[in-house]
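Each remark here refers to the structure printed beneath this line.
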Amino acid sequence: MKLIGFALALMLTAVAVGADDDPFGSIGVYDRGDYSRDITQCDLLAGHPNDPEKVAEGVSQAAMDKPAAIAACHRALESDPENPRLNYQLARAYGYSGQHLEGQPYRDKALNAGYPQSLFVIGYIRISGWDGEPKQPCYGGELVRRSAEAGRFAGLVGFPHYVLTGHFDGCATYPRKEKAEMLGFLKEAETIAEGYYQQILVQQLLSDVSGLPD
C-alpha cells in the first residue's frame, strides 16, 4: 500500500509540475455567448475601435478621457466582474495612463478568458516591452499566434510579419512557426482586409511567406 501511495504521489507531482511548466495552461477559449453584450459607459469611453468583440464604436488612445474611462469600467465590473471585454477595456485605460501595475490583474483576467483582442495586445506588449517590463518575444509570439487562430486581423498579419522579421529566431518550444499555418492565416486575412493598404499588406506577406522553405 505504501508503494502504491508513493507512486500515486509521484504521478500527482508530475501532473502538477507539467501544469506549472505550461505558461499558457490557464488560457481558456472565449465564447461571446457566455458574457453580456449590453453597452456600458466603459464600452463608450474605453472600447478599442478595432476590437472585433466591441459593442460600441470605440475610442482612440488620443481621444480617451482616461480617468473617466477607468472609473466607468470599475463601475461596470462591479455588476459584471467576469466579463473579459470590460476587464480588457479597464486594462487598456490603465495602460494608456502608464499605470501598468494597476491594470495587470485586468489584463490577466481578459487573457485567461481567451479574449481575442487581449491575446493580441498582451502578445504585442510582451514582444515590444511597451509596458517597460523585459521583453518576452517567445511568450508574446505564441499569444499573437493564438489571436490569429481566433481570427483577429492584427494577429493574422502580425504573426507572419514577426516571423519574417526574425523576432522569434531564438525561440525553441513556442511559438509554432509553420509555413502552412501562416499561409492559412493570411488567406483568412485576405477575406477580411479592408481598403487598399490592408489588401497590399496581405498580398506582400503572402508572397514573402510563400518563399519560405517548407
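The values are calculated or read from the model by the stated rules, or taken from the named source; none is laboratory data. Since the model is a prediction, treat every value here as computed from it, not as a measurement. When we count neighbours, we look across all protein chains shown, and the Cβ atoms used for this are built from the backbone with ideal geometry, even at glycine. For the accessible areas, the whole protein counts, side chains as well, though only heavy atoms, and no ligand, DNA or RNA atoms are used. Shrake-Rupley method; radii C 1.70, N 1.55, O 1.52, S 1.80 Å.
I'd like the Kirkwood hydrodynamic radius of the range 39-135, using the inverse of the mean 1/r over distinct C-alpha pairs, in Å.
Details: mean 1/r = 0.0772 Å⁻¹.
So the Kirkwood estimate lands at 13.0 Å.
Under 22 Å between alpha carbons, and skipping anything fewer than 8 positions from K54 in its own chain: which lysines qualify?
Within the straight-line cut-off, K54 pairs with K66, K109.
Give me the one-decimal nm value for the distance between modelled label points at Q203 and D21, 7 Å along each residue's Cα-to-Cβ direction.
With each label placed 7 Å out from Cα toward Cβ, I get 4.7 nm.
Among L164, A69, V55, which residue has its Cα furthest toward the positive end of the charge dipole of the chain, with +1 on Lys/Arg Cβ and -1 on Asp/Glu Cβ?
L164
Extension gain Q104-Q41, at 0.36 nm per residue separation less the Cα-Cα distance, in nm?
The Q104-Q41 span can extend by a further 20.6 nm.
Under 5 Å between amide H atoms, partner at least 5 residues away or on a different chain: which partners does G129 have, H built in plane at 1.01 Å?
For G129, the qualifying residues are Q136.
Mind checking Rg over Rh on the range 121-195, alpha carbons, Kirkwood formula for Rh?
Here Rg/Rh amounts to 0.97.
Solvent-accessible area of Y106, probe 1.4 Å, all protein chains present, reported in Å² to the nearest ten, please.
Answer for Y106: close to 60 Å² accessible.
Rank these residues by their accessible area, most exposed first, probe 1.4 Å: H48, H74. Can you show the working numbers first?
Values: H48 35, H74 60 Å².
These residues rank, largest area first, as H74, H48.
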